[in-house]
1. Does L71 fit the bill of being within 18 Å of L30 (Cβ to Cβ), free of Cβ contacts under 8 Å to residues at least 12 places away in the same chain and open to solvent by less than 80 Å² (accessible area, probe 1.4 Å)?
2. Return the pair list, or none, for Cβ contacts closer than 7 Å from residues in the stretch 19-36 that are within 17 Å of Y70 (Cα to Cα) to residues that are at pLDDT below 85 and part of a loop (DSSP other than H, G, I, E, B), at least 6 apart or on different chains.
3. Residues of the stretch 76-107 being exposed (fewer than 10 other Cβ atoms within 10 Å of the Cβ), at pLDDT below 95 and in a helix (DSSP H, G or I), which ones?
4. Scanning the stretch 19-51 for residues that are more than 14 Å from V62 (Cα to Cα) and of a type in the set (D, E, K, R), which turns out most open to solvent (accessible area, probe 1.4 Å)?
5. Out of curiosity, is G20 part of a loop (DSSP other than H, G, I, E, B) and modelled with pLDDT under 95?
Amino acid sequence: MRAAGLAGVAAGAFGAVLLGLAHGRVGAALPHLDAALTSYSLVASWWQARKHLANWWLWIAVDLIYIGEYLYKDLQATALLYAGLVLLAILGLRDWRRAAAITQIAA
């Protein structure tokens, strides 16, 4: 993993701890899980803006965990929405890989 990837993972962990403390004080149902998912979603957004291919893998992982969380909270419609987001992330990964391959061939 490159330095940017390691920095993103570390930033996500740091943000998860800080947000977990804040969520715990306001009585969130799953404060540390919510905090970690929020933090890593921000990392995935940053990576996506910087065009790092790994953003799609992070979105897939985060959204799969969100599905489990929402099923646990008995929010089936929201879990279904996140299942759709997983599918979109898979399509994004596929398309970005194709574009990268075309760019390499052209170069």
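The values are calculated or read from the model by the stated rules, or taken from the named source; none is laboratory data. Nothing here was measured: the structure is a model prediction, and the numbers come from that model. All Cβ positions, even for glycine, are placed from backbone atoms using ideal geometry, and neighbour counts span all protein chains on display. Note: accessible area is taken over every heavy atom of the protein model, side chains too, but ligands, DNA and RNA are not part of it. Shrake-Rupley method; radii C 1.70, N 1.55, O 1.52, S 1.80 Å.
1. The answer is no for L71.
2. D34/A28
3. Selection gives T103, Q104, I105, A106.
4. It comes out as R25.
5. Values: part of a loop (DSSP other than H, G, I, E, B): no; modelled with pLDDT under 95: yes.
Against the criterion (part of a loop (DSSP other than H, G, I, E, B) and modelled with pLDDT under 95), G20 does not qualify.
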